[in-house]
Amino acid sequence: MTPNRANTALQSVDHRGTARTTFHPHAGRDAAVISMPSHGVRTAKVSLRDICLSYATNNRGRLVALEKINLEVRSGEFLCIVGPSGCGKSTLLHLIAGLHGPTSGEIRIDGAPIEGPSTSRILIFQELGLFPWLTVAQNVEFGMHMKGVSRVERREKSREYLRLVHLYQFRDSYVHQLSGGMRQRVALARALATEPDVLLMDEPFAALDAQTRDLLHDELERIWSETGRTIIFVTHNVREAVRLGDRVVLMTFRPGQVKQEYEFDLSRPRRLEDVEVAGAAREILDDLREEINKSLEAEYGHE
Amino acid sequence: MNKALKSFVFYVALIAVWAIVARMKIWPPYIFPTPWGVGESLWAGFTDHSFWIAIAISMKRMLLGYGMSVVLGIFLGMVLAGNKFLEQTLGGLLVSLQSLPSICWLPIAVLWFGLTEKAILFVVVMGSLLSVTISMETGRKQLPRIYAMAGRNLGARGIRLFLHVTLPASLPYIVTGLKQGWAFAWRSLISGEMIFVSLGLGQQLMMGRDLNDMNLVIAVMILIIGLGYLVDGLIFKTIEKQLQIRWGLATAS
């Protein structure tokens, strides 16, 4: 493998659009210039406008979790969101899933404002939330069952998606009988089976060992390219974000804001060990470190 | 020695001691019955169908009354768990009402419903409703929020969310309460039937007293214990075990 792939390009865009930096300008080909998240882009699958979220704390005042988030996600894009813990990145996914409403601002899918949860936007929770009283197949069929899909069709679809994640032979097992990586794949199959346009993933691989995670990265990339879904993937692991994403959004520590966006043109399939992945990750990590320090200060600074 | 053998030997010894004491004829048989007398009574009761009828009637009342209190208790528990004000007011009242023996509801039941089947059902419902309600309330509060969120995320709403997510998710938490509710309902029913003469096992027991028939009294008591054990030991234990295996809380053995 050549250490410097010709088509490597990493660009960084200050979110407010005032400055544009190119970190890796050595790309031979004209690296596709990122279109700024300008309002009203026709191809935007998900668009967040001035999303703010604050809530009352139990002692004094209000905590601003998210402040003026503006973000557009293209159809079929794999977008990764990174940030220090406490930046509200999980909360942002909950908002897009429609499980809570923002304090102000608007979330649009294909130009239409969202109203509550919908099976066209499925969130895979960090703790998965698989149902332990159902078998693997019943978990995968759950969304279709709620939609009123017939039993025969449900069975057929669950077979299809369980095959996709290589778990068909475990269809009659219960969740507790599976390993962490297998549970993760059940959650993925359950989410895909409702055939969502947008898949929201909240640090899904954080609790897995490195080998399993590598495997699931490959599988997720394959499934993404096979199904063409739009994916918004939250992680605290910058390398993972670069490994998977077309674009990476860096969020600031409380209040959560979009600090920087990075767009790549790294060829796929990628590997976590690729030099390009490591290089791009390093740039993001430098920016992230600043935010991590802020979060550490907030946590330990008062002692 | 395994457990089954141990208890077999124990019961044989118990009956043997009983037979010996009865043989000594210290007390007359209407005060201290003999094992064979009780055996005859049991046999007679089943052959003349009076026990079968009593069991059928008592069980029908149990199923009706207990069923009502399960449905009502689950609903009440959900309401209480979801409403801070009700939880602090009505919830407190329910806990204090639990100290009231359920047979104390009988006078009200008779005044409201007369000497009818409804009065008996009322006592049974009042006997078990509180424990079902309280266990549902605590179960609902202990329930991890993730299940409801995942359910909503996958398109479950309202009553479907309750039936397909909240209820099955809280089952391991409330099964103890359901079992306790059954035991309370059983006690309430028998005491109700004893006071309130209208067939059933409790009435059979009182008939034994009225006829000075100690054999019948003991025979019916054995029946009541046996039935209670059967439901508790076989049905509820199996359900609990199955739940634990399915949820991975215990391994199948």
Only one of B:225, B:218 is out of contact with any Lys or Arg (no Cβ under 7 Å at 6 or more places or on another chain), exposed (fewer than 12 other Cβ atoms within 10 Å of the Cβ) and within 21 Å of residue B:46 (Cβ to Cβ), namely B:225
Looking at this structure, is residue A:87 more than 14 Å from chain B (Cβ to nearest Cβ), buried (at least 22 other Cβ atoms within 10 Å of the Cβ), part of a loop (DSSP other than H, G, I, E, B) and touching a strand residue (DSSP E or B) at 6+ places or on another chain (Cβ under 6 Å)? yes
When every residue in the stretch A:193-215 that is touching a residue at least 40 places away in the same chain (Cβ under 8 Å) and part of a helix (DSSP H, G or I) is compared, the one surrounded by the fewest Cβ atoms within 10 Å (Cβ to Cβ) is A:214
Scanning the stretch A:258-297 for residues that are in a helix (DSSP H, G or I) and either among the β-branched types (Val, Ile, Thr) or not assigned by TED's automatic domain parsing to the domain that holds residue A:210 (or both), the one farthest from the chain's Cα centre (by Cα) turns out to be A:275
When residue A:103 is run through (1) within 17 Å of the chain's Cα centre (by Cα); (2) in the same structural domain as residue A:224 (by TED's automatic domain parsing); (3) surrounded by fewer than 22 Cβ atoms within 10 Å (Cβ to Cβ), the failure sits at (1)
Among A:246, A:218, the single one that is under 12 Å from the mean Cα position of the chain (by Cα) and surrounded by fewer than 23 Cβ atoms within 10 Å (Cβ to Cβ) is A:246
Going by the structure shown, is residue B:73 over 17 Å from residue B:200 (Cβ atoms) and over 16 Å from the mean Cα position of the chain (by Cα)?
no
Screening B:169, B:183, B:150 for residues that are within 21 Å of residue B:71 (Cα to Cα), free of Cβ contacts under 8 Å to residues at least 60 places away in the same chain and within 13 Å of chain A (Cβ to nearest Cβ) leaves only B:169
Note to self: Quick check on the stretch A:152-170. Is at least one of its residues of a type outside the set (D, E, K, R), assigned to a helix (DSSP H, G or I), more than 22 Å from residue A:66 (Cβ to Cβ) and at the interface with another protein chain (Cβ under 10 Å from one of its Cβ atoms)?
What the structure shows: no
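The values are calculated or read from the model by the stated rules, or taken from the named source; none is laboratory data. Predicted, not measured: the structure shown is a model, and the values here were computed from it. Methodologically, a virtual Cβ is constructed for each residue, glycine included, from the backbone with ideal geometry; neighbour enumeration extends over all protein chains shown.
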